[in-house]
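The values are calculated or read from the model by the stated rules, or taken from the named source; none is laboratory data. Since the model is a prediction, treat every value here as computed from it, not as a measurement. When the accessible area is computed, the model is the full protein with side chains, heavy atoms only, and any ligands, DNA or RNA have been set aside. Shrake-Rupley method; radii C 1.70, N 1.55, O 1.52, S 1.80 Å.
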Amino acid sequence: MAAPPDTPNSNQPTTQGPPPPTPIQMTIPMIANWRKDSITPELDAEIERMRQLRLNAIAEHHNIAFSVRRALYELELAEFDLRASEARLAVAEKQSELASKGILTFTDE
């Protein structure tokens, strides 16, 4: 007679192992904000004002330097365009001169 399906047979290995480990919950302790009372609040205010002025000057300098680089790049592109236009004008003048003489081909003299 065969054993019922829900009872383990000695011929079959058991598939049940140890239970899976429970996940560990980690918490980070809160660090209290600690600020020492200043003995010179006027000096601290002046230092903070100077720090803000310095940060504003750095930001302004960055913006100006960026604008200058952009302007120099645009100037360089305009110079390329100018040289190309001058070269096209020279070729057009030469071709116009040759066309007025009745010569249709371009020869560089």
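Computed in the context of the full set of protein chains, the accessible area of the range 57-107 at 1.4 Å probe radius has 63% of its extent on carbon or sulfur. Applying the Karplus relation 6.51 cos²θ - 1.76 cosθ + 1.60 with θ = phi - 60° to the range 79-90 yields 3J(HN,Hα) values of 5, 4, 4, 5, 4, 5, 5, 5, 5, 5, 5, 4 Hz, where x marks Gly and Pro.
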